[in-house]
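Participant: Following this message is one structure expressed as structure tokens.
Coordinate-derived values only; no laboratory data. Every value quoted in this text rests on a predicted model; they were computed, and no experiment measured them. For neighbour counting, all protein chains shown are included, and Cβ atoms are generated from backbone atoms with ideal geometry for every residue, glycine included.
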Amino acid sequence: MKKCLVLDLDNTLWGGVVGEDGLDGIKLGFDSEGAGFLAFQQAILDLHNRGIILAINSKNTYEDAMQVIRKHPNMVLKEKCSCKGKGCSKCSAQLKLKAKGPVTVYSKELKGKVKVIYEEMPLVELTEEQELELVATARLGKGIEHTKFSPGLVYYRNVPEIEIDKTCQECKKCIEACPQDVFKIEKEKIEIKDIYRCDLCEACVEACKKNCKDKSCIQINPGKEIMFFIESFGMISAKEILVEAVKALEDNLKQVRELP
């Protein structure tokens, strides 16, 4: 597996040539010209978060390159800091908000050195004589510690119990109807090929009823065994989702045990 990705800068991480176009002239943002470069940087960051080392091989001067990396508001691949999460100018920025009711306060009212991407998100509704003043800190990175962070889908279903009656005429209608390829013919008999593929849709039961005059030779019921599924969105692996979920559950149970 390749462990290092070497990148150019101009027309790779951003559109244009920074030495000629300047910081404000390069293409990197949410418009049609810059969105592709923004998405590319995000994909590169995802690789880095999975352990891939990033390196630069560019003809740009150090000053021109670092000007974009440090100062461009839409730069995803930022210079690393050494504050270890305490917060510094390289990894965080302050946003201020002040409002007086009656008014609906939107995210565009947050003012600071970074740009709010979604400006029309309602934050709070203030009534008459209500006021709001705050200072918030925007931190570089992904909100994996945020309560609303959702790294994937988790769901479960019962493993079915399937019974094939001895009166089965081996008409194969159940095999043809099953969308999950659960059944097979073995020694001229209908057998279960993979019970874990069955999603309890009962298409086989209905097909059997039609062919056997409203009597089905197949019975399907939810069993006691459970299958657990984890589908990651890609930010962290399915294994990490399970491990972190178990840790969170252990912490919650510990807090319950400590209740008076």
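Participant: FRET efficiency for C168 and C201, Cβ-Cβ distance as r, R0 = 30 Å, nearest 0.05?
Facilitator: Efficiency computed from Cβ-Cβ geometry: 0.95.
Participant: Can you tell me the length gained on complete extension of the stretch V17 to L123, counting 0.36 nm per residue apart and subtracting the Cα distance?
Facilitator: Once the chain is fully extended between V17 and L123, it gains 34.3 nm.
Participant: So for the chain, Kirkwood radius off the Cα pairs, Stokes-Einstein at 25 °C and 0.890 mPa s: how many µm² s⁻¹? Mind showing how you got there, number by number?
Facilitator: On the way: Rh = 24.5 Å.
So the translational diffusion coefficient is about 100 µm²/s.
Participant: From the P(r) of the stretch 4-71, can you give the percent of Cα pairs sitting at distances over 21 Å?
Facilitator: 22
Participant: Still on this model: Mean separation of Cα pairs under 8 Å and 6+ residues apart, divided by the residue count of the stretch 92-139: what relative contact order is that in percent?
Facilitator: 52
Participant: For the pairs K80/K115; K224/K254; K59/K115; K86/K113; K86/K254, flag any whose C-alpha to C-alpha distance is greater than 24 Å.
Facilitator: K224/K254; K59/K115; K86/K254
Participant: Moving on. Mind listing the phi-derived Karplus ³J(HN,Hα) values for the stretch 110-125, rounded to whole Hz, using 6.51, -1.76 and 1.60 with θ = phi - 60°, and x for any glycine or proline?
Facilitator: 6, 10, x, 7, 10, 8, 6, 6, 9, 7, 9, 7, x, 9, 7, 10
Participant: Still on this structure, please answer the following. For a quick protection proxy, order the peptides 108-114, 200-206 by their average other-Cβ count within 10 Å, most packed first. Show your work: numbers first, answer last.
Facilitator: On the way: 108-114: 14.7, 200-206: 17.1.
Order by mean packing, descending: 200-206, 108-114.
Participant: Mind checking the dipole of the chain: about its Cα centre, +1 per Lys or Arg Cβ, -1 per Asp or Glu Cβ, Debye to the nearest 20?
Facilitator: Here the chain has a charge dipole of around 720 debye.
Participant: Using Cα positions and a limit of under 22 Å, work out the lysines in reach of K184, with same-chain residues fewer than 8 apart set aside.
Facilitator: List returned: K166, K172, K173, K193, K209, K210, K215.
Participant: Let me ask something additional. Mind listing the long-range amide H neighbours of L123? Cut-off is under 5 Å, sequence gap 5 or more, other chains count too, H placed in the peptide plane at 1.01 Å from N.
Facilitator: Counting only residues 5 or more places away or on other chains, the set is V105, Y106, S107.
Participant: Just to be sure I understand: if I project the alpha-carbon convex hull of the stretch 103-200 onto a plane and average over all orientations, what area do I get in nm²?
Facilitator: Its Cα hull, projected and averaged over all orientations, spans 13.0 nm².
Participant: List the residues of the stretch 20-45 whose backbone N lies under 14 Å from a point placed 7 Å from the Cα of I52 along the Cα-to-Cβ direction.
Facilitator: Under cut-off, by backbone N: 39-45.
Participant: Say the dipole of the chain comes from +1 at the beta carbon of Lys and Arg and -1 at that of Asp and Glu; which of N221, I52, F183 then lies farthest toward its positive end?
Facilitator: Of the options given, the answer is I52.
Participant: With a point put 7 Å past each Cα toward its Cβ, work out how far K213 is from F149 in nm, to one decimal.
Facilitator: In this crude label model, K213 to F149 measures out at 6.4 nm.
Participant: I need the calculated FRET efficiency for the pair R157 and R70, taking r as the beta carbon distance and R₀ as 41 Å, to the nearest 0.05.
Facilitator: Efficiency, rounded to the nearest 0.05: 0.25.
Participant: Now for a separate question. What distance in nm separates the two pseudo spin-label positions at E244 and V116, each 7 Å out from Cα along the beta-carbon direction?
Facilitator: For the pair E244/V116, the computed spacing is 2.7 nm.
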